[in-house]
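The values are calculated or read from the model by the stated rules, or taken from the named source; none is laboratory data. Since the model is a prediction, treat every value here as computed from it, not as a measurement. Heads up, the Cβs are rebuilt from the backbone with ideal geometry, glycines too, and the neighbour counts pull from every protein chain shown. Side chains are part of the model used for accessible areas, which takes the heavy atoms of the whole protein and leaves out ligands, DNA and RNA. Shrake-Rupley method; radii C 1.70, N 1.55, O 1.52, S 1.80 Å.
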Amino acid sequence: MAVDTWEGLSGHDRHAACLVAAQGGNRRALDTLVTDLTPLVWHVTRSQGLDRVSAEDVVQTVWLALLRHLNRLEHPRALAGWLITTTRREAQRARTTGYDRESPVPNEGLSDIPTQNDGPEQEALRDDRDRRLWAAYAQLTERCQHLLKLTVLAGRAQYDAVAEALHMPRGSIGPTRGRCLNQLRDLLNREGGPQ
Amino acid sequence: MNAGQDNNPTANGQDDNPTEEDLLLLAELDVLFDKVDPMPADLVERVQFAIALEDLDVEVARWQRDQELAGVRGAGPNTVTFTVEDLTIMVSFAPAGGGYRFDGWLVPGGPHTVEVRVAGHTSTTTAADEGGRFAVDQVPKGTTQLVIHLAAGHGGRGRTVVTPTLVL
């Protein structure tokens, strides 16, 4: 039995191998990409201010849209960037069509943006360290929050995608992230961290 | 220690030399994002079902959620609407037997083929009438997706439109 070419690989190499195999018609490779990268698509969608139900639709729409686009991705490196860009566009579209009409709960999605809320999600954070880290993260600038979230979720090898999504030069992603992390540590250490 | 961490950014991508401390903090954040806002447990599975299509050259119809938000959900038949550029798909579903009965309407109408996929079951295929109406009895409960094979017009190749899944 043939061994999957991405077996044993991780991060960018794994996604590149999967993409090439998927372009060749390997459905398991496509499923592996879905397993690995759906968390990225999910969190990018939620960062755009969609409620969980609408976010599920957007996640599916993005992956379905990829099917047609699969063979147009010439560089495996472009996949994460395509996913981030498409997810943002789809999320914005969903938000517009969902809220422009006479929806009785127009702000439902806006009220549970994880980056701006200290509401119910706090309950999910029982661990004190988690609570302090989340409180410190929430005090970072929005730019730092997005940059840290995207680099963590997209993988460190995929800075091109993150740079494009944040309209930053690729070379400044690493140094900027370093500064964001330092700010995060300062916030965490300040008098034992935020309460 | 990471010997390269003082390197200046260079053109060949060696601009990232996070310290071990940085990597630990990033790993912590990674776990934290999922704790704070976990993905629905079945989302990956639903996506994998949705994209397990014979033909990958498909257009995606988007769910018009506002209808559901307007409170259609209830005891009576439920209606969902999907749209893609020049096609609108409306489907009402009502409990019937152990599953559902689908009544649908494609606009603009035509003798299109409608496939109802349900995870773990065989697909059901039916033809819409000239007005775009179609009906499917006994759709099993579960993760469900519509695949519309549009009738080829003017001798061109027929297009295929798919919806995201809904869980019934």
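Of note:
- Filter result (among the charged types (D, E, K, R) and either modelled with pLDDT under 95 or buried (at least 18 other Cβ atoms within 10 Å of the Cβ) (or both)) within segment B:35-58: B:Lys35, B:Asp37, B:Asp42, B:Arg46, B:Glu54, B:Asp55, B:Asp57
- Positions within segment A:31-50 being facing chain B (nearest Cβ under 9 Å) and either touching a residue at least 40 places away in the same chain (Cβ under 8 Å) or in contact with an Asp or Glu (Cβ under 7 Å, 6 or more places away or on another chain) (or both), in sequence order: A:Pro39, A:Val41, A:His43, A:Arg46
- Of residues in segment A:74-83 being modelled with pLDDT under 90 and out of contact with any His (no Cβ under 8 Å at 6 or more places or on another chain), the one most open to solvent (accessible area, probe 1.4 Å): A:Glu74
- Any hit, segment B:95-103, residues being among the aromatic types (Phe, Trp, Tyr) and at pLDDT 95 or above: no
- Filter result (free of Cβ contacts under 8 Å to residues at least 60 places away in the same chain and either open to solvent by 70 Å² or more (accessible area, probe 1.4 Å) or within 13 Å of chain A (Cβ to nearest Cβ) (or both)) within segment B:156-168: B:Arg157
- Residue in segment A:151-159 that is at pLDDT 85 or above and outside any helix (DSSP H, G or I) present: no
- The set of residues in segment A:1-32 that are part of a helix (DSSP H, G or I), among the polar types (S, T, N, Q) and open to solvent by less than 50 Å² (accessible area, probe 1.4 Å) contains only A:Thr32.
- Among the residues of segment A:60-69, none qualifies, meaning not one is in a helix (DSSP H, G or I), in contact (Cβ under 8 Å) with a residue 40 or more places away in the chain, within 14 Å of chain B (Cβ to nearest Cβ) and crowded, with 22+ Cβ neighbours inside 10 Å.
- Those residues of segment B:118-155 which are more than 18 Å from B:Val58 (Cβ to Cβ), assigned to a strand (DSSP E or B), open to solvent by 20 Å² or more (accessible area, probe 1.4 Å) and in contact (Cβ under 8 Å) with a residue 24 or more places away in the chain, in sequence order: B:Arg133, B:Ala135, B:Asp137, B:Gln138
- Restricted to segment A:158-181, and to residues there that are farther than 13 Å from A:Thr85 by Cβ and of a type in the set (D, E, K, R), the residue that is surrounded by the fewest Cβ atoms within 10 Å (Cβ to Cβ) is A:Arg179.
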